[in-house]
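The structure under discussion appears below in the form of structure tokens.
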Amino acid sequence: MMAISVQNIADRFNAVVVGDPTRLIHAVAPFDQAGPRDLAFAVDASWIKQLKTAGAGAVMVPETLDISFLESMEATFIVCEHPKQFFFKMLSWFYPEKRPLSGCSSLAVTGQNFNCGKDPVISSHVFIGDDVTLGHRVWIMPGVFIGDGVCIGDDTVIKPNVTIMERSCIGKNVLIHSGTVIGSDGFGFTTDGQGHEKIVHAGFVQIDDNVEIGACNTIDRGTMGRTWVGQGVKTDNQVHIAHNVTIGPHTLLVAQTGIAGSSTLGRNVIIAGKAGVSGHLNVGDGAIVGPGAGVTRDVPPGEIVSGMPEMPHKNWLKVGRILPRLPEMRKLLLSLERKIKAIEKRIETE
């Protein structure tokens, strides 16, 4: 098992050690489960209060804490600027992903004019169509389908049972999780009153560099032109991106969100779980859409909206406080209505 001294960890992050710098760390663990051989981190107030009883071999803490406060304890601390981020970087050191030897399995199928960069890993039961281009160090896991004319950039990893349909373009350092379908037809039909006729989708999907696509996403090709996922976008599991949608750089899409056709999301947008954005809308840079919300109008940059239909988040909080009182308020209104009618009847008879 790998072991790293506390001082070695601190040196990597330009951090300060309070306590025993020679203590060896063998693993990382959550604060409330860590033992004497583990590294943990504490940033929340509730964990800071429990530092005296921490069971971890070392704890990463923010540099805003008073050093004298830490020195009064027996535990060992690594004082750094971003303890949470640094802690999770340690995960990759203790648990590095094991990459197979480079090469193409004899059980993989490759089409004509296949162009492959250096050191690929192409696993068993992978199908690669004609005119496909792979960059350097691409890793394709078992059961992946890659259609004709697909382009995949350097250092991209495609996990098992992913489908990438024809003409899709995937950037560098992209991670696509299992079960995802990229380049499926959009939900497009014309209706003549008798039935629904399918619209041919002749577009494609473009995914830029440093994107991570969660498990079981569906990203539809453009009807014409592209569906575009910008640089650094991260999607959770079970996200749907419809035809001709544009997702701006570094946007986050949380589980079970859906973006309808031809909508545009700006930079650094956050769409929370189970939220939906209707078609042909714009969500501005830095906007946040709350969980379960239904967006039916454009959202200005920086706006925070919640609810169905969407409204400013502060208004939604007020609505949420009122909702449980509605039955009581209904009874009160009915009672007031009866009293008013009784008063009106008396006035009429006088």
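FYI, it's all coordinate maths here, none of it is from the lab. This one's a predicted model, so the numbers in the text were calculated from it and none came from an experiment. Cβ atoms come from the backbone with ideal geometry, glycine included; neighbour counts cover every protein chain shown.
A few remarks follow.
- Qualifying aspartates and glutamates (Cα of each under 12 Å from Cα of LYS198; at least 8 residues distant if same chain): ASP185
- Relative contact order for the chain, counting Cα pairs under 8 Å that sit 6 or more residues apart, in percent: 6
- Order of GLU81, GLU350, GLU328 - criterion: other Cβ atoms within 10 Å of each residue's Cβ, fewest first: GLU350, GLU328, GLU81
- Footprinting exposure proxy for HIS125, HIS280, HIS243 (fewest neighbouring C-beta atoms within 10 Å first): HIS280, HIS125, HIS243
- Spatially proximal lysines relative to LYS234 (Cα-Cα < 26 Å; intrachain offsets below 8 disregarded): LYS84, LYS89, LYS98, LYS159, LYS172, LYS274
- Straight-line reach from LYS314: taking Cα to Cα under 18 Å and skipping same-chain neighbours fewer than 8 places apart, the aspartates and glutamates in range are ASP298, GLU303.
- Sorting ASP148, ASP11 from the fewest to the most surrounding beta carbons within 10 angstrom yields ASP11, ASP148.
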